[in-house]
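Nothing in this text is a laboratory measurement; each read-out follows from the coordinates by a stated rule. Bear in mind that the values here come from a model prediction, so they are computed numbers and not experimental data. Note that each Cβ is placed from the backbone with ideal geometry, even for glycine, and that neighbours are counted across all protein chains shown.
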Amino acid sequence: MAQSQEYKIDTIRHSMAHLMAQAITRLFPKDHVEFGVGPVIDHGFYYDVEMEHRLSEADLKNIEKKMKEIIKQKLPIERKVMSRDEALKFFAEQNQKLKVELIEDIPAGEEISCFTQGDFIDLCRGPHVENTNNLPFSFKLTHVAGAYWRGSEKNQMLQRVYAVCFASKEELQDHLKMLEEAKRRDHRKLGKELELFHFEQVAPASPFFMPKGAFLYNELVSFMRRLYTKFGYDEVITPQILDSDLWHTSGHYAHYKENMYFSNIDEREYAVKPMNCPCHMLMFKHYKYSYRDLPLRYADFGRLHRYEKAGAVAGLTRVRTFCQDDAHIFLPMDKIQGEIQDLMRMFFICYEHFGFTGIKVNLSTRPEDKSGDDATWDIAEGALKDALDASGHAYHIKEGDGAFYGPKIDVEIADALGRYYQLGTIQLDFQLPERFDLTFTNQEGKEERPVVIHRALLGSLERFIGVYIEHVGAAFPFWIAPEQAIIVPVNNETHEAYASTLAASLRDLGLRIRVDNRNESMGYKTRQIQKSKVPYMIVIGDREVETDSVSIRAYGSRDSQDMSTQDLKSLFSELNQERVPKALR
């Protein structure tokens with residue numbers, strides 16, 4: 001086989017998508033198979049197919065086998081150019097209606113690029129490898145999922161066949177091991193097993209948090225409030241449902257209507273808020289402020305609702321109802337740089353405290369559907385860039401990825417498996433202060449327009465919980481664990497009283513302790529407690545009662561340690577102090 005390293009990995013993966021499509025047509029010659037799109041994605045590729053046969057796990061293995069056979073056939077991969085009319089005629093004759101639809105969207109007069117390999121031809125811009133023999137064996141078809149054609153629920157559901165592909169077998173094996181670990185850490189699986197949260201059909205994509213999950217949720221809010229005290233934020237509470245006129249004023253009605261929920265009340269249209277910012281604009285406008293009052297920082301844990309398509313929602317990471325650790329900062333232009341430096345410090349204190357070490361900073365610039373003029377955007381983007389340069393943090397430019405009202409800084413974090421998630425955001429906004437006619441009195445006694453910074457650290461609390469569960473595998477640090485220790489009396493009749501007294505004294509210290517007095521064997525209880533991932537298991541027997549001590553075992557450890565009850569209280573009190581980052585103590 002030729003060296004696949006001669007080609008960029010994305011070129012290899014794109015060619016592999018065509019190879020997979022060809023293998024499917026050969027394996028199912030009696031089925032009419034239509035193909036949608038087959039793009040490259042992180043670590044691999046997928047192809048959307050329309051066919052009567054429902055692809056199974058066994059089918060995926062057979063498709064892999066057929067792909068390897070085609071690789072060995074050394075088929076040349078050649079580019080073929082057609083006119084638009086020729087391409088429409090050719091794919092219509094092949095009964096490839098999805099391809100015809102794609103071609104119809106191509107402007108008249110443009111050449112249509114296709115690629116052939118043996119008896120297979122596909123619509124594609126390329127590039128591709130030159131021969132199937134240039135493709136590696138280091139790939140695997142992973143699963144099949146449903147996907148609406150062109151992402152619209154109005155269209156038919158296709159079968160999306162996913163695959164991973166690497167230049168070497170070693171990279172493939174490493175990635176497959178990571179995928180297996182990701183399955184074990186899946187927050188949807190762990191959330192159900194550990195009774196943290198679940199979903200119900202009566203409220204699609206809207207989580208129900210059980211007591212343990214609600215504790216996590218509320219502890220995150222408490223953590224953020226500790227940061228707010230340090231960095232000078234004031235918390236506010238705002239309404240859930242507001243007149244649609246507000247969303248016209250803010251611009252969200254024009255730019256975000258399809259993601260909002262509406263209702264008619266007293267013959268007027270109202271919207272359930274998808275974000276807090278317009279409410280905060282009204283609060284600032286309601287009072288008179290001078291430069292001495294700024295920066296003014298409003299924080300809001302209000303519940304938000306956004307319509308997400310059914311095919312886009314996924315566990316806690318994308319839901320329809322959620323809460324953000326949201327804040328808006330009102331300040332004059334000359335305070336931007338210092339404020340953003342404080343924000344970056346706040347961000348890193350937060351993420352490092354939760355054990356995230358891989359942190360990326362991105363600067364996102366104006367999108368095509370921006371609101372406002374280019375001159376204002378030039379000022380806004382320049383201000384963010386200058387602030388980032390002064391902060392000393394390395395950053396990447398993401399062209400066209402800003403919000404419609406202003407550029408932004410996005411912060412991505414890597415979890416324990418090296419997967420990156422965008423959590424924090426700093427968005428600079430010159431548009432909403434203009435739309436709401438916000439002013440403050442400057443040092444010269446004149447009215448001046450403030451700048452607004454939209455800011456979140458954790459982002460959606462729901463999404464952060466999902467990411468964090470997978471980051472730690474639901475083995476939460478002591479300070480945020482819903483249950484910090486479980487006390488197990490060896491014999492309920494002789495040891496339960498001591499265990500209960502100890503539990504009460506630990507609860508008096510603000511600790512979350514439970515006594516497991518079920519009528520089950522010690523082995524069964526031990527296995528159940530290990531599965532629950534509680535940080536500590538404390539065993540009480542005759543010796544412990546006699547010596548006022550405990551036998552303590554940390555989660556994940558096979559060894560137990562003897563400890564006096566006083567030392568136990570000191571240990572737990574010290575561990576509980578970690579709820580406050582060292583930088584804030």
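Relative to one another, the C-alpha centroids of region 375-441 and region 39-114 are positioned 39 Å apart. Based on the Kirkwood radius over alpha-carbon pairs, what value in µm²/s does the Stokes-Einstein equation return for the translational diffusion coefficient of region 478-583 at 37 °C and 0.692 mPa s? Translational D for this selection: 236 µm²/s.
Computed over region 224-291, the percent of Cα pairs more than 18 Å apart is 49. Taking each residue as 0.36 nm, the span from SER206 to ASP174 lengthens on full extension beyond its C-alpha to C-alpha distance by 8.1 nm.
With 0.36 nm allotted per residue and the present C-alpha distance subtracted, the ARG225-ARG125 stretch has 30.8 nm of extension available. Taking other Cβ atoms within 10 Å as a rough exposure proxy, MET178, MET82 sort from fewest to most as MET178, MET82.
All other residues whose Cβ lies under 15 angstrom from that of LYS360 are scored, Lys and Arg at +1 and Asp and Glu at -1, for a net of -3. Going by neighbour counts of Cβ atoms within 10 Å, the residues HIS396, HIS328 line up, fewest first, as HIS396, HIS328.
Shape summary: the chain maps onto an equivalent ellipsoid whose semi-axes, from the alpha-carbon gyration tensor, are 47, 39, 22 Å in decreasing order. Could you tell me the calculated FRET efficiency between PHE137 and ARG84, based on Cβ-Cβ distance and R0 = 51 angstrom, to the nearest 0.05? Here the calculated transfer efficiency is 0.85. Size descriptor for region 191-472, Kirkwood hydrodynamic radius: 19.7 Å (Cα pairs only, one decimal). Working from label points 7 Å from Cα in the Cα-to-Cβ sense, the ASN95 to LYS385 distance is 5.6 nm.
MET51 sits among other residues whose Cβ lies under 9 Å from its own Cβ, and their net charge, with Lys and Arg +1 and Asp and Glu -1, is -3. The DSSP beta bridges internal to region 478-583 are antiparallel in roughly 50% of cases.
Exposure proxy shown here: for TYR307, TYR217, TYR47, the number of other Cβ atoms within 10 Å sets the order, fewest to most, as TYR307, TYR217, TYR47. Counting only lysines at least 8 places from LYS446 when in the same chain, those with an alpha carbon closer than 24 Å to its own are LYS285, LYS288, LYS335. Label positions at THR439 and SER263, each projected 7 Å from the Cα along the C-beta direction, are separated by 3.7 nm.
Of interest is the spacing of the C-alpha centroids, which for region 483-516 and region 343-370 amounts to 42 Å. The ellipsoid that matches the Cα gyration tensor of region 248-353 has semi-axes, each √(5λ) in whole angstrom, of 29, 22, 11, with the longest given first. The local environment of THR317, defined by Cβ-Cβ distances under 12 Å, has a net charge of -1 under the rule Lys, Arg +1 and Asp, Glu -1. On full extension, the segment bounded by TYR524 and SER113 gains 141.5 nm, given 0.36 nm per residue less the C-alpha separation. Of the trypsin sites (Lys or Arg not before Pro) found in region 428-505, those in coil by DSSP whose Cβ has at most 11 other Cβ atoms within 10 Å are LYS446.
Helix-only arithmetic for the chain: the sum of -39500 (n - 2.57) across DSSP H runs with n ≥ 4, divided by the residue total, places the mean residue ellipticity at 222 nm at -11500 deg cm²/dmol.
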